[in-house]
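The values are calculated or read from the model by the stated rules, or taken from the named source; none is laboratory data. Keep in mind that what you see is a predicted model, and the values were worked out from it rather than measured. Ideal geometry is used to build each Cβ from the backbone, glycine not excepted, and the neighbour counts take in all protein chains shown.
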Amino acid sequence: MSKKSARKLIPLLMLIFTIAGVIGFIYEEICGYINEGHFFKRGTTFGPWIPIYGFGALLVFALTFRIRKKPLLVFLIATVACGLFELASGYVIDRFFHMRLWNYSNVILNWGNLNGYICVRSVITWGLFGMLLMYGVLPLAEKFQNRRPKAFNIVTFALFGLFVLDIVLSFTIK
């Protein structure tokens, strides 16, 4: 990878991470409302973003960027890869940090529930989010980056910086 392409790729990945974290937060709020009948703050951070969605988006990007012209394959890879990522993350966080950040055992549409870590709804959602990333977010972000590179970098570094600061503060203040 050349210096020039890395200079474009790194901010693009930072923005994808941030946008996916925000989309994940919105999704979690909607699901929380449907399941509980009211809104409540989801996630481990103070702000409106959830890190696992950012990491999932980076995983989807890495695994599907070269095949993005094949939507069905993008969907399937995002579904399986992120389902496994969610399962492994949930297990590790529960087992080694003694925290249960999500549990699909008592939510609606939880078929295929595997110890509350994943269910069919969650992995299909990951697949749909993978499609949203590759065919919605990514093209818009690339267009913004190509047309206004300085503005893109300012926005990206500011938002990503806030997200990272929030993650650090969330783990040190609580």
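Quick one: count up the residues across region 78-93 that are surrounded by fewer than 20 Cβ atoms within 10 Å (Cβ to Cβ) and either part of a loop (DSSP other than H, G, I, E, B) or in contact (Cβ under 8 Å) with a residue 12 or more places away in the chain (or both).
Of the residues in region 78-93, 5 are surrounded by fewer than 20 Cβ atoms within 10 Å (Cβ to Cβ) and either part of a loop (DSSP other than H, G, I, E, B) or in contact (Cβ under 8 Å) with a residue 12 or more places away in the chain (or both).
Could you list, in sequence order, all residues of region 23-47 that are surrounded by 18 or more Cβ atoms within 10 Å (Cβ to Cβ), at pLDDT 90 or above and not aromatic (F, W, Y)?
Of everything in region 23-47, those that are surrounded by 18 or more Cβ atoms within 10 Å (Cβ to Cβ), at pLDDT 90 or above and not aromatic (F, W, Y) turn out to be I23, G24.
Would a scan of region 19-26 turn up a residue that is assigned to a helix (DSSP H, G or I), in contact (Cβ under 8 Å) with a residue 60 or more places away in the chain and more than 16 Å from the chain's Cα centre (by Cα)?
No, that holds for no residue.
Quick one: I124 ticks every box in (1) surrounded by fewer than 17 Cβ atoms within 10 Å (Cβ to Cβ); (2) without any contact (Cβ under 8 Å) to a residue 24 or more places away in the chain; (3) touching a helix residue (DSSP H, G or I) at 6+ places or on another chain (Cβ under 7 Å) except a single one, so which number is it?
For I124, the failing item is (2).
Could you grab the pairs with beta carbons closer than 9 Å, sequence gap of 6+ or different chains, first residue in region 144-162 and touching a residue at least 60 places away in the same chain (Cβ under 8 Å), second one surrounded by 11 or more Cβ atoms within 10 Å (Cβ to Cβ) and β-branched (V, I, T)?
Between residues of region 144-162 that are touching a residue at least 60 places away in the same chain (Cβ under 8 Å) and residues that are surrounded by 11 or more Cβ atoms within 10 Å (Cβ to Cβ) and β-branched (V, I, T), the close pairs are Q145/T156; T156/T18; L159/T18; L159/I19; L159/V22; F160/T18; L162/T18.
Going by what's in this entry, would L59 be described as touching an Asp or Glu at 6+ places or on another chain (Cβ under 8 Å), surrounded by 17 or more Cβ atoms within 10 Å (Cβ to Cβ), at pLDDT 90 or above and on the phi < 0 side of the Ramachandran plot?
Answer is no for this residue.
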